[in-house]
1. Check L289, L354, L324 and return the single one that is at pLDDT 90 or above and out of contact with any Phe, Trp or Tyr (no Cβ under 8 Å at 6 or more places or on another chain).
2. Inspect all residues belonging to region 106-113 and state whether any of them is at pLDDT 85 or above and either within 20 Å of L169 (Cα to Cα) or out of contact with any helix residue (DSSP H, G or I) (no Cβ under 9 Å at 6 or more places or on another chain) (or both).
3. With respect to L30, is the statement that it is assigned to a helix (DSSP H, G or I) and modelled with pLDDT under 75 true?
4. Which one is surrounded by the most Cβ atoms within 10 Å (Cβ to Cβ) among residues in region 127-155 that are assigned to a loop (DSSP other than H, G, I, E, B) and on the phi < 0 side of the Ramachandran plot?
5. Could you please let me know if L182 is among the hydrophobic types (A, V, I, L, M, F, W, C), in a helix (DSSP H, G or I) and modelled with pLDDT under 80?
6. Just to verify a result, which residue in region 320-336, among those that are part of a helix (DSSP H, G or I) and closer than 16 Å to N352 by Cβ, is farthest from the chain's Cα centre (by Cα)?
7. Could you grab the pairs with beta carbons closer than 6 Å, sequence gap of 6+ or different chains, first residue in region 366-385 and closer than 16 Å to T425 by Cβ, second one assigned to a strand (DSSP E or B) and of a type in the set (G, A, S)?
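The values are calculated or read from the model by the stated rules, or taken from the named source; none is laboratory data. Note that the structure is a prediction, hence the values are computed from the model and not measured. Cβ placement follows ideal geometry from the backbone for every residue including glycine, while neighbour counts extend to all protein chains displayed.
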Amino acid sequence: MTARQGGGGAPRSGRALYVAFAAVSVAFVLSTTISEYADVRIQRAAAQITGTTAPGVAHLATLRGEIRWYVLLADDVVDQGVDGIAQAPEPALAHARAAIDRAWDDYGVLAVAPEERGLAADTGRLKAELDAAIVHLERDMARLAWSDARQTLTMSVRPVTERLDEILLRLIQRHADRGAYLAQRIQRLGRESIALAVGLDGMSVLLAIFTAVMVVRVVRGYTELVERRAEELELFAGRVAHDVLGPLGAASLALDVAAREVAPGSRTERLVGSGRAGLRRARTIADALLEFARAGAQPTPGDSADVGEVVRAVVDEVDPEARLRGVAIAVELARPGAVACGAGILACVVSNLLRNAVKYVGDGAGKHVSVRARRQGASVRLEVEDDGPGLPVALGAHVFQPYVRGPSTGKPGIGLGLATVKKITEAHGGRVDVRSAPGLGCRFSVELPWAPEAGKPEGAKPAVASGDPAQEGQEGIDWHAQGP
């Protein structure tokens, strides 16, 4: 519809805002990633302590104790045999030997750290030697050869158990040292994780503050831009109104002279009369815009205009152009009454909306534009609706900004019509809005404060324009319809 954004490129503050948002996102992702990585490392260290180091110490200590218990028990049995008290190995020896095997199996299922592989290999070799010495010892006991058993215990079992006990102690110490190292590592990783998290959180806070500052700057810059464009619009309206008044006066004078020279009742007289009426309306609008601009875009107190009269006059003016385009204009006036606005200013609003709808209704077979006005509480609502292609989705609320136009419309204009409507409406305490859907047309709505008609009590019935048969007998609707 009306409008194409002027100015080029995004402001620098806008680009800085994008960079700030990206930096905040990166800081957040980085903080989360580092924290997760530190947590994974802590979990791995804790898993090594609980899964390998602590069980390794427990199983090695158990194995060492079971071996010592077996040697003590075997020594006691052999002493009893030598003294002639024991006649056969006690079942307790078999249970002690089975306990050694269970402790060894429990240790064997644990993962071996690289620095412990040499000791683990020596432990396995000595365990095999101990098993062989125990088999030899128990064979001597079974033969009741107690002297041989004493010699095997002294020469074979005890030396192997002493060497194995030494290696088991070294392995236990290795596991204990590794557990202490892992515990310290967990503490260090925790401290590093907290420090990194605090640092990144602080950076995120600083970036968030910077982003907030940039948002304020962007919004402020955008607001200033809109205000400058509004000021430009006011100056432009004043200049246009001033520049147009001169040619309008000359054209009006020429038509006045021509009216005296044409034959009464002729078609030429009717055309001259229509032209004079159009010039009077144009002069009324120009005078009103000039007065509005001179007053600093503030309404004149006490102004009022009959909505029905203004709408009919504007439709009469636009209808010939609409007929040439094949557009049918329908008017529905449900006793709207008057608004607190000058007639020229209201005509400018209605004319911009109606001409905009006629211009953009499209090229389809059925081209219709509806103009509706009705009283709505303390306001009068004016609607102009078409069944054209609708507004582009990207245009949205920007359609009311100065110099904003739909892309590639191919229609003449500079993008000030709807901006003028918004400026005038809001200056008079009203509001504008638009509803549109692609392919389903759009509807522009204007609400202006209602004003009692001059010389009539509030709620009085509006007068019916003389000579307009379409109004006679109407209650809910004053006047309706024109078409091609």
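1. Among L289, L354, L324, only L354 is at pLDDT 90 or above and out of contact with any Phe, Trp or Tyr (no Cβ under 8 Å at 6 or more places or on another chain).
2. Yes, because at least one residue in region 106-113 is at pLDDT 85 or above and either within 20 Å of L169 (Cα to Cα) or out of contact with any helix residue (DSSP H, G or I) (no Cβ under 9 Å at 6 or more places or on another chain) (or both).
3. The answer is yes for L30.
4. Initially, region 127-155 is screened for residues assigned to a loop (DSSP other than H, G, I, E, B), giving 143-145.
Filter again for on the phi < 0 side of the Ramachandran plot, leaving 143, 145.
Values: R143: 10, A145: 14.
Per the stated criteria, the residue is A145.
5. Details: among the hydrophobic types (A, V, I, L, M, F, W, C): yes; in a helix (DSSP H, G or I): yes; modelled with pLDDT under 80: yes.
The answer is yes for L182.
6. Within region 320-336, the first condition is being part of a helix (DSSP H, G or I), and the residues that meet it are 320-324.
After this cut, where a residue has to be closer than 16 Å to N352 by Cβ as well, the list is 321-322.
Details: E321: 45, A322: 44 Å.
So the residue we want is E321.
7. L382/A373; E383/S445
Matching residues to (1) under 30 Å from G388 (Cα atoms); (2) among the aromatic types (F, W, Y); (3) surrounded by 12 or more Cβ atoms within 10 Å (Cβ to Cβ); (4) modelled with pLDDT of 85 or more:
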position: R431; (1), (2), (3), (4): yes, no, yes, yes
position: F444; (1), (2), (3), (4): yes, yes, yes, yes
position: G459; (1), (2), (3), (4): no, no, no, no
position: S466; (1), (2), (3), (4): no, no, no, no
